[in-house]
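The values are calculated or read from the model by the stated rules, or taken from the named source; none is laboratory data. Computed from a predicted structure; not experimentally measured. A quick note on method: Cβ atoms are made from the backbone with ideal geometry, for glycine too, and the neighbour counts reach across all protein chains shown. The area values use the complete protein model at the heavy-atom level, side chains included, leaving out ligands, DNA and RNA. Shrake-Rupley method; radii C 1.70, N 1.55, O 1.52, S 1.80 Å.
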Amino acid sequence: MDGSSPHTGRRPDPRRAPYDVLAVIAVGGALGALARFEAGRLWPTPAGAFPWTTLTVNAVGCLVIGFFLVAVTEIFTPHRLLRPFFGTGVLGGFTTFSTYCLDIERLVDAGRALTALAYLASTIVAAAAAVTAGAFGARRLLADRSAS
């Protein structure tokens, strides 16, 4: 791959910052982080407990990204700012794999190593299953809609 733009065939000018892309990522990230914050407020996890909220947020985010990416890459051509806004910004701000790592550390520090291990494994399985289900669901749902 030569790094050229798929739209013009020319290399992008590295001195020209894509401020519109950065702006929509920032706005989307703020919205996603706010949604994640509210999920934590509505469903708080007590210290030392299994972090169901973080696991659920990450699984939901993976389900949505699986669906979204299939829709915008295989089904329709979106506006060029939709993927950075929603995929990188909103869903990047919503999912929280850094909190996932911190949750594992807190569980280990609280002497709950087996719970930490179960959380570590269940999040990976849930995330992989969710993104796969989202992609599969998008293909099925959107293919059925285009066939009718």
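Out of Leu102, Leu114, one residue alone is farther than 30 Å from Thr73 by Cβ, open to solvent by 80 Å² or more (accessible area, probe 1.4 Å) and either in contact with a Cys (Cβ under 7 Å, 6 or more places away or on another chain) or of a type outside the set (S, T, N, Q) (or both). It is Leu114. Contact map, the range 41-57: first residue without any contact (Cβ under 8 Å) to a residue 24 or more places away in the chain, second residue in a loop (DSSP other than H, G, I, E, B) and open to solvent by 90 Å² or more (accessible area, probe 1.4 Å), Cβ cut-off under 7 Å, separation 6 or more or different chains; pairs are Thr53/Trp43. Taking the criterion of being closer than 30 Å to Gly111 by Cα, touching a helix residue (DSSP H, G or I) at 6+ places or on another chain (Cβ under 9 Å), open to solvent by 90 Å² or more (accessible area, probe 1.4 Å) and at pLDDT 95 or above, the residues of the range 14-51 that qualify are Leu42, Trp43. A single entry from Val131, Val125, Val90, Val108 fulfils the requirement of being out of contact with any Ser or Thr (no Cβ under 7 Å at 6 or more places or on another chain), open to solvent by less than 30 Å² (accessible area, probe 1.4 Å) and assigned to a helix (DSSP H, G or I): Val90. Screening the candidates Thr77, Thr56 for the property of being among the β-branched types (Val, Ile, Thr), modelled with pLDDT of 95 or more and surrounded by fewer than 16 Cβ atoms within 10 Å (Cβ to Cβ) yields one hit, Thr56. Of the residues Thr56, Thr77, the single one that is within 26 Å of Ile25 (Cβ to Cβ) and either in a helix (DSSP H, G or I) or among the aromatic types (Phe, Trp, Tyr) (or both) is Thr56.
Here Ala147 meets each of (1) surrounded by 13 or more Cβ atoms within 10 Å (Cβ to Cβ); (2) among the aliphatic types (A, V, I, L, M); (3) modelled with pLDDT under 95 with one exception, condition (1).
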